Amino acid sequence: MKAAGAWKEWLCLGGGPLLGTTIYLLGPSGPQEPMWATAGVVVWMAWWWVTEAVPLAVTALLPLVLLPLWKVQPAAQVAPSYASNSIFLFLGGFLLALAVERSGLHRRIALRILWALGDRPHHVVLGFLAASAALSMWLSNTATTMMLLPIALSVLARAEEPSAGLSSEQAEAPSGDRGQLAPALLLAVAYGASLGGIATKVGTPPNVAFLAFYQQRWPQGPEISFPGWMLMALPITLLLGGATWWLLTRGVFRVSRQSLWGGRAVVAGFYRQLGPMTADEKWAGLLFLATAALWVLREPVRGWGWAPALGLGHGSAPSNAPWVSDATVAMLMGVLGFCVPSCQPGRKRLLQWSDTRELPWGVLLLFGGGLALASAMRTTGLAQLLGHQVAAVLPHRWPTLSVALLTTGMTALTELTSNLASVQMWLPILAETAEDLAIDPRWLLIPVTLAASCAFMLPVATPPNAIVYGSQRVSLRQMMRAGLWVNVAAVLIITLVFRLLGAWHLGLEIHHLPDWAG
């Protein structure tokens, strides 16, 4: 067994370098040599990303080494990809989320949502789904799930008591549904944590990866602002959340609608333990509200907002890009988190530098590696070559069907691979596919990006799935059965809502390639 495990480990570790170097060495010399070298880098990184032979962030550092060594791009041209404007947007969002977590404000918000929705079992499932989605719009889906899981397990324990404050008749009525309640409630926590991230620019890494690629590839393209993204994506989150709630309580599982089984009492008990609102929570809430207001009001309409009023909007900078961006706001609030005082013993400020050890620095490196790889694929012509192949198999006359096929493929792919790595591999290819099809590239890229956050079938698909599966209250069969139907709903809702609302809101020309994308 040990020999077999060692052989598998060496295959995962050595397969990437072997395949990548072979492609590079066997490729033709001359003008096509950089393209073959880039193909070798792509295969090497894809192998390591899929097998996770080394941490994903380590794989993301390969472009800094291989692209200069194989004479694809100079090191000075590769390195700036790791300091994109969107990377700092995500870093600022991480710092703000860390301030909220340090203050404990997120627990108070979650418990208030759960308490407000009542104590009927199907309402409690909705409460956990809504709380998880609302928090994951701003916090990481992993942190959201870890915070809500103990509360969900406590509610389940109270619900499964034979005499949870019920009469004998009421106690017997929901008993047949108690086995259905546990998977429905815990999957609501996991699925909500994935759905909420769709709604905001900083909610999930694939969103930030798309925005970074979009800004790098088409710097003259129309900006996708924070409120602009929410107007397009929030309806998808709400509709998919509603469909998920129905599937978990009436479709895949059958959850009782009986009342008075003690759920609200459990939540109220947790809330009382928090005590009165602390100064740290007030500071974190103020920073959170200020960030949201500055994001929304920066320039909701071109030429109007606080940025144009201060001479920092579109058209005022030499490049016709705004002087300030959403990343500017995020970093400002992140810095302020290190300045405001804390009332906690042993802490002078709400944020301390030691807190940054918990930031997912590897995700930021992953963004940079994806951008560096995308740039090399585009400049060497590899993205165009692969884009032509994808365009050849898509139905040219039915763009909506093309979107449905691509979102289905991405949803299936991210069940087994990192959603961020998958998005970064496919964005440069689909950008060229859109050019071949003569359609606005956002028509393909945004739905595929949203679909990357919709992996609900397997524990390995996302950290939230793995966390609730680890509770041993959800079986693999239950997760796969529920996740399959949520995946189907996700493909349909993303495709249709983006076609009807997103395309209109963003001004997409479905059968026309914009001048800025040509």
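Descending by average beta-carbon neighbour count within 10 Å, the peptides 73-82, 414-423, 236-245 line up as 414-423, 236-245, 73-82, the highest first. What does the helix-only formula give at 222 nm for the chain: each DSSP H stretch with n ≥ 4 adding -39500 (n - 2.57), the total divided by the residues, and the result rounded to the nearest 500 deg cm²/dmol? Mean residue ellipticity, 222 nm, calculated: -21000 deg cm²/dmol.
Shape class of the stretch 195-290 from the Cα gyration tensor (axes a ≥ b ≥ c, square roots of the eigenvalues): oblate, since a/c reaches 1.5 or more and a/b does not exceed b/c. In order along the stretch 388-400, the phi-based Karplus estimate (6.51 cos²θ - 1.76 cosθ + 1.60, θ = phi - 60°) of 3J(HN,Hα) comes to 4, 5, 5, 4, 5, 9, 8, x, 4, 7, 10, x, 5 Hz; Gly and Pro are listed as x. Sorting 278-289, 368-379 by average packing, meaning the other beta carbons within 10 Å per residue, from highest down gives 368-379, 278-289. So how far, in whole Å, is the C-alpha centre of the stretch 95-124 from the one of the stretch 441-482? Their Cα centres are 22 Å away from one another.
Under the Kirkwood approximation applied to all pairs of distinct alpha-carbon atoms, what is the hydrodynamic radius of the stretch 24-69 in Å? Please list the in-between numbers first.
Details: mean 1/r = 0.0899 Å⁻¹.
For the stretch 24-69, the Kirkwood estimate is 11.1 Å.
The spacing between the stretch 302-368 and the stretch 381-402, judged by their C-alpha centroids, is 38 Å.
Note that the stretch 97-158 carries a Kirkwood radius of 11.7 Å, evaluated over its alpha carbons pair by pair. Look at the alpha carbon pairs under 8 Å that are at least 6 residues apart: their mean separation over the length of the chain gives a relative contact order of 21 percent. Remark: the stretch 42-52, residue by residue, has Karplus-estimated 3J(HN,Hα) of 4, 5, 4, 5, 4, 4, 5, 5, 6, 7, 6 Hz, where x stands for each Gly or Pro and the curve is 6.51 cos²θ - 1.76 cosθ + 1.60 at θ = phi - 60°. Calculated from the structure at hand, Rg and Dmax of the Cα atoms in Å is found among (1) 24.0, 83; (2) 26.4, 83; (3) 22.9, 80 as (1).
In sequence order, the stretch 141-153 has phi-based couplings of 5, 5, 4, 4, 5, 4, 6, 7, 4, x, 5, 4, 5 Hz under the Karplus curve 6.51 cos²θ - 1.76 cosθ + 1.60, θ = phi - 60°, and Gly or Pro positions carry x. Seen from P341, the other residues with C-beta closer than 10 Å to its C-beta sum to a net charge of +2, counting Lys and Arg as +1 and Asp and Glu as -1. Amide hydrogen proximity for R349: with H placed 1.01 Å from N in the peptide plane, the residues at 5 or more positions away or on another chain lying under 5 Å are S342.
Laboratory data are not the source of any read-out in this text; all were calculated from the coordinates shown. Note that this is a predicted model, so its numbers are computed, not measured. Virtual Cβ from ideal backbone geometry, glycine too; neighbours counted across all protein chains shown.
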